[in-house]
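Enquirer: Below you'll find the structure I mean.
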Amino acid sequence: RELKRLGEELLASGLVAGLDATDYVRKPLDWAPTPDHPLRPWFDEATIQANLDVLLANQQDDGGWAITWPPISPGCELEWRGWVTLGALQTLRANGRLGE
């Protein structure tokens, strides 16, 4: 019952960013990165697939992903870029999209 309330509140709150949003935002795959995540039922399959497509499209030539917020230093950017890349790869693998 509480999860239902939280899911409804999450969607109504405006805390889930759209496909084109940038900066320090959280998109559907940030809230529910895996198919078995408790919040996944609150996102329709078309939304998840579209977000996976965007995630794949944002991979850079060197294989990594850029951070989407202004870094406070070059070192911070490099460190967070590694975390963002690892998260992207884990999300893609969990959703059967790694290697496409």
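The values are calculated or read from the model by the stated rules, or taken from the named source; none is laboratory data. Note that the structure is a prediction, hence the values are computed from the model and not measured. Every residue, glycine among them, receives a Cβ derived from its backbone with ideal geometry; neighbour counts consider all protein chains shown. Accessible surface areas use protein heavy atoms only, side chains included; no ligands, DNA or RNA. Shrake-Rupley method; radii C 1.70, N 1.55, O 1.52, S 1.80 Å.
Enquirer: Taking the range 1-56, which residues are acidic (Asp, Glu) and either touching a Cys at 6+ places or on another chain (Cβ under 8 Å) or part of a loop (DSSP other than H, G, I, E, B) (or both)?
Expert: Hits for the range 1-56 are ASP20, ASP23, ASP36, ASP44.
Enquirer: Now for a different question. Determine which member of the set ALA66, ALA12, ALA50 is open to solvent by 80 Å² or more (accessible area, probe 1.4 Å) and among the hydrophobic types (A, V, I, L, M, F, W, C).
Expert: Values: ALA66 fails: open to solvent by 80 Å² or more (accessible area, probe 1.4 Å); ALA50 fails: open to solvent by 80 Å² or more (accessible area, probe 1.4 Å).
Of the residues listed, the single one that is open to solvent by 80 Å² or more (accessible area, probe 1.4 Å) and among the hydrophobic types (A, V, I, L, M, F, W, C) is ALA12.
Enquirer: Shifting gears a bit: Can you work out which of the residues in the range 79-96 that are surrounded by 12 or more Cβ atoms within 10 Å (Cβ to Cβ) and either touching a strand residue (DSSP E or B) at 6+ places or on another chain (Cβ under 6 Å) or hydrophobic (A, V, I, L, M, F, W, C) (or both) is farthest from ALA32 (Cα to Cα)?
Expert: TRP80
Enquirer: Just to check your reading of the model, which residue among TRP65, TRP80, TRP69 is part of a helix (DSSP H, G or I) and among the aromatic types (Phe, Trp, Tyr)? Don't jump to the end; show me each part of the working.
Expert: Details: TRP65 fails: part of a helix (DSSP H, G or I); TRP69 fails: part of a helix (DSSP H, G or I).
Going through TRP65, TRP80, TRP69 in turn, just one is part of a helix (DSSP H, G or I) and among the aromatic types (Phe, Trp, Tyr): TRP80.
Enquirer: Against the conditions (1) open to solvent by 80 Å² or more (accessible area, probe 1.4 Å); (2) over 16 Å from THR85 (Cα atoms), where does ARG26 fall short? Just the number, please.
Expert: (2)
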